[in-house]
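This report concerns only the one structure given below.
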RNA sequence: UGGGACGUCGCCAAGUUGGUUAAGGCACGGGGUUUUGAUCCCCGCAUUCGCAGGUUCGAGUCCUGCCGUCCCAGCCA
């Protein structure tokens, strides 16, 4: 097994319901669908839906369709269709059928005609404002449209004219005739077709009328013989309409809509509207910006499909709305990469040290394990020379007692090498730290008898002569507040964290690491998990930090600072 | 003030048709191992299920009434 995926899915109300239905023989196989609208990129919230929709049939038998809900050509584009397919595949799922609501436009049109013939739909040529006013309010019933009781023949004629293209946008709509006094506003004669002279990414200019979500979704489910149409809570109020249409139309099957709570994560936004704004207004560098919770962004950041799937399974599926800490997502990445990522050494902010008793001009190749707990991952040789770089953070001139790293006169182990002592701190005339002069204890070299001598700290390093210079990008939360989208007063972009990206230009990698390709991942020991970014070039590698390691010292240090 | 839904430990979340001591994960605290202050391993962590009543031998699970939160008045999905 290449990953450490959780063995069993936790139980949830949808799974329980399906198990019971299967036991009572209500249907022979489970058919679900993942129905994105191609008007933006998929994000981690979609991943929750994807994992649910694909894992259920996988467990109980059946299959999942990928269906593009492409009923609004004003916002939909082919590039989004392509990106969505790539993201679903990357997450590890394969759909049975690639479907499009637009494939059913002709059938849907016939269904509309059927409703008209049954006296259950009518054409209304009032404008949007008039229709809105007649809809009533949350506490007052609506009033009937003056066109509500047109004859079937007239409705047919008008609807055909809508399709013919002779009418401009907004000239009229087709409405289902249900009940203007219904307490559920969705039942107050909802609009089911509107005129849109707009080229569609799939059907081109074939149509100038498009079905609304309500009219297209359930019927598409029925056409595809979807048994369970899983969607988020905000559609709960639409279920009566969903059912009404299914019951009044000659559809080939009877799907059931079940709603679950959408995913919320703190310090980020998870709505396509807001993500689109961040991209369009240039607050981030495209849909795959590593700070974004988009699938493309998470992938570029260094997240693995396994970690995202595990996360989605771990958080569960319920009807209660919750906000998951971003750290939960990060921990899932760590858990996955901890067992799989080869270890390397890299120094983010270099501090030069000279090993005064190490022979000048010489290189010693030391053996280093690629994974401390997994010998199967093998070993590699790392070069040691007289001059090496260590992390600036690993040296303190005036260190607190709990600081286990290097300090004047103190000892520390160089990972995979030997123990050194800091003999001298060299500064320039301005008092800036220039380098450290240290002596090594050759007896403590890894593999030597003296190697078991204990010192408090072990730090990572790279040979100054061999290290490869690289750019390393560190990411922090995109927003400064836990719920950027929940602020009624301020626009969410005002809460953007301007320090969410930190670019390090002086990082040094253990030689060989620069050969890595996009898709590879490493643990840079003591620092975190890093992946090559596609912005990198052979002579200028670029790495993204996906996530840090759990850092107990940082936590302790913070506590000490706060007293 | 209409309709729909939700409310179990700091964060998630199990709790079959009411039946002894309210799963599990994360976080947190303590201890052990460790050449990553990482990982890993132990141990601890809700007399209580939004609140108040009621039914019952027995209720997180049933009833009643409150309280709180979210969604709905697009020719968006």
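Read the figures in this text as sums done on the coordinates, not as results from a lab. Since we're looking at a predicted model, the values are computed, not measured. Quick reminder, even Gly has a Cβ in these numbers, built from the backbone with ideal geometry, and neighbours come from all protein chains shown.
Residue A:20 to residue A:130: FRET efficiency via 1/(1 + (r/R0)^6), r the Cβ-Cβ distance, R0 41 Å, to the nearest 0.05?
Efficiency for this residue pair is about 0.30.
Would you calculate the separation in nanometres between label points at residue A:74 and residue A:322, each defined as 7 Å from the Cα along the Cα-to-beta-carbon direction?
Label-label distance for residue A:74 and residue A:322, simple model: 3.7 nm.
At q = 0.15, 0.19 Å⁻¹, what log₁₀ I(q)/I(0) does segment A:1-130 have when each alpha carbon counts as one equal point scatterer in the Debye sum?
Cα-only, vacuum Debye calculation for segment A:1-130: -0.91, -1.13.
Say R0 is 45 Å: what FRET efficiency, to the nearest 0.05, do residue A:558 and residue A:149 get from their beta-carbon distance?
Once rounded, the FRET efficiency stands at 0.05.
In nm, to one decimal, how far is the modelled label at residue A:356 from the one at residue A:117, with both set 7 Å along Cα→Cβ?
9.9
Classify segment A:414-563 as rounded, prolate or oblate from the Cα gyration tensor: take a ≥ b ≥ c as the square roots of its eigenvalues, call it rounded if a/c is under 1.5, otherwise prolate when a/b beats b/c and oblate if not.
Here segment A:414-563 falls in the prolate category.
From Cα pairs below 8 angstrom and at least 6 apart in sequence, can you work out the relative contact order of segment A:1-135, rounded to a whole percent?
Relative contact order for segment A:1-135 comes out at 22 percent.
Assuming R0 = 45 Å, what is the FRET efficiency of residue A:156 and residue A:476, from their Cβ-Cβ distance, to the nearest 0.05?
0.15
Could you work out the relative contact order of segment A:346-422, using alpha carbon pairs under 8 angstrom and six or more residues apart, expressed as a whole percent?
For segment A:346-422, the relative contact order is 28 percent.
Let a ≥ b ≥ c be the square roots of the eigenvalues of the Cα gyration tensor of segment A:139-255; is it rounded (a/c under 1.5), or, if not, prolate (a/b larger than b/c) or oblate?
oblate
Gain in length, residue A:424 to residue A:489, computed as 0.36 nm per residue apart minus the alpha-carbon separation, to one decimal in nm?
Contour length minus the Cα-Cα distance gives 17.8 nm.
Shape verdict for segment A:53-211, please, from the Cα gyration tensor: rounded (a/c under 1.5), prolate (a/b greater than b/c) or oblate.
prolate
Take chain A, compute every pairwise Cα distance, and split them into 20 Å bins from 0; I just need the percent in each bin.
Calculated P(r), rounded to whole percents: 18, 41, 25, 13, 3, 0.
Of the listed peptides A:272-278, A:232-238, what is their order by residue-averaged count of other C-beta atoms within 10 Å, with the highest listed first?
The peptides rank, most packed first, as A:272-278, A:232-238.
Tilt of helix A:13-23 relative to the longest C-alpha principal axis of chain A, in degrees (0 to 90, nearest 10)?
60
Put one equal scatterer on each alpha carbon of segment A:394-467, apply the Debye formula with no solvent term, and list log10 I(q)/I(0) at q = 0.22, 0.24, 0.26, 0.28 1/Å to two decimals.
For segment A:394-467, the Cα-only Debye profile gives -1.03, -1.16, -1.26, -1.33.
Sequence gap at least 6, Cα distance under 8 Å: using those rules, report the relative contact order of segment A:254-411 to the nearest whole percent.
Relative contact order here is 17 percent.
Return the calculated 222 nm mean residue ellipticity for chain A, to the nearest 500 deg cm²/dmol, obtained by summing -39500 (n - 2.57) across DSSP H runs with n ≥ 4 and dividing by the residue count.
The helix-only estimate for chain A comes to -8000 deg cm²/dmol at 222 nm.
Only bridges whose two residues both fall in chain A count here: according to DSSP, what percent of them are antiparallel, nearest 5?
Bridges in chain A are about 65 percent antiparallel.
Any idea what angle helix A:213-223 forms with the longest principal axis of chain A, computed on alpha-carbon atoms, 0 to 90 degrees, nearest 10?
90
Nearest 10 degrees, 0 to 90: what angle lies between the long axis of helix A:152-164 and the longest principal axis of chain A (Cα atoms)?
40
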